[in-house]
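First up is the structure itself, then whatever we jot down about it.
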Amino acid sequence: MENVPIYIITGFLESGKTTMIREMLTDEYFTGGERTLLIVCEEGEEEYDEALLKNANAMKVDAASIDDIENGLMRRMDREYKPERVIIEYNSTWTLPRLFKAPKPEHWELAQLVCMIDSTTFELYINNMRQIMSDGILLSDAVIFNRCTEKTEKSRYRRMVKAMNANCDIVFDNVDGTSDDGVADEDLPYDVKAPVVRIGDEDFGIWYLDALEHPDRYDGKTLRVTAKAYFVENLPKNCYVLGREAMTCCANDIGGIGFICTFKGAKPAEKQWLDFTVKAQKGYSMLHDRDAIILIEQKVGAGKAPKEDLVYFNR
């Protein structure tokens, strides 16, 4: 039996999920005439026209609650409709772990998870419902912000998302019909063209995410930064992680961020605030399992503790 791909479109009410799915169903290259099962987990302002569903060879099924999903809805619909693809318009407040634990046919497999976000309410939800809001972001392959205008703080929103999920794609859909990835909107708070690039304490998170995404920008650069040295397992003996602790999602989700740094001579003091001067070079990082920057220690001295121990990504 051939595998059936599942496409999950999640997000809060009125985040643009239905609009996104309608575009998918009208895309002949996507549908290809195959039988599509559409499971809708909430009723929004946008509806699915019967003609649209017929033209897309799609069958729509409503799930009134997460209990329907957990009580075998997916298996029953597979037997009844024998779909060749499945799209789930998922209610974020039900949380994704419950969906993933629900019984489903063995030949159904996740193809893509997209998190839709209304840029005009993102700030409100991330501040007041962070755990639920971050649930979709953490696991998504793509995060799409819609209703974006020139006032949308794309750089900051991008950093906040990348702090939670560094590997997802991010798209900003603008009200004028255009879209972009927000990178062109970046306004780095330090001078990358300076002979020695000084990374301020409050800019560590911005630098970390930017260097992870754009290692070419820092290749060959000399940097000065206040951080700590962490000696972790499985790194070569002449390496440590130059980094800091960061709040990547919520108060209960604090972890280390940083880059591999090579050294010669004496080891720097571990887990103490130090002032590092390093040279960066682009290369494969076993710490991140991807291309990033590798730091080469040039000079280390005593450092002054930042005003805030933790790195935050909401600035």
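No lab work stands behind these numbers, since they all come straight from the coordinates. Quick caveat, the model's predicted, so the values are computed rather than measured. For neighbour counting, all protein chains shown are included, and Cβ atoms are generated from backbone atoms with ideal geometry for every residue, glycine included.
Here is how the numbers come out for the structure above:
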read-out	value
Segment 4-185 - Debye-derived log10 I(q)/I(0), Cα point model, q = 0.10 Å⁻¹	-0.39
Virtual paramagnetic centre 7 Å along Cα→Cβ of E153, amide N under 17 Å, in segment 291-315	311-315
Label-to-label distance, nm, for residues given as N71 and H214 (7 Å Cα→Cβ offset)	5.3
Karplus 3J(HN,Hα) series, Hz, for segment 189-194 with 6.51 cos²θ - 1.76 cosθ + 1.60 (x for Gly, Pro)	x, 9, 8, 6, 9, 5
Eligible lysines near K221 by straight Cα distance, threshold 26 Å, same-chain separation 8 or greater	K162, K193, K237, K264, K267, K271, K279, K282, K299, K304
Estimated distance in nm for a label pair at Y81 and H107, the labels positioned 7 Å out from Cα along Cα-to-Cβ	1.7
Under 19 Å from K17, Cα to Cα: lysines that are on another chain or at least 8 residues apart	K60
Difference of contour (0.36 nm per residue) and Cα-Cα distance, E123 to K54	21.0 nm
Residue-wise HN-Hα coupling along segment 275-289, computed from phi with Karplus coefficients 6.51, -1.76, 1.60 (Hz; x: Gly, Pro)	9, 9, 10, 9, 10, 9, 9, 6, x, 6, 10, 5, 5, 9, 6
Inter-label distance for V232 and A64, nm, one decimal - labels placed 7 Å from Cα along Cα-to-Cβ	4.9
Cα lying deepest toward the dipole's positive end in the chain, options L38, N91, I137, charges on Cβ	I137
For segment 197-302, alpha-carbon Rg and Dmax in angstrom	12.9, 39
Estimated vicinal HN-Hα couplings, Hz - segment 74-86 in sequence order (Karplus 6.51, -1.76, 1.60; Gly, Pro = x)	5, 5, 5, 5, 5, 5, 6, 9, 6, x, 9, 7, 10
Per-q log10 I(q)/I(0), the chain, q = 0.09, 0.15 Å⁻¹ (Debye; single scatterer per alpha-carbon; no solvent)	-0.57, -1.13
Environment charge at K279 (Cβ cut-off 12 Å; Lys +1, Arg +1, Asp -1, Glu -1)	+2
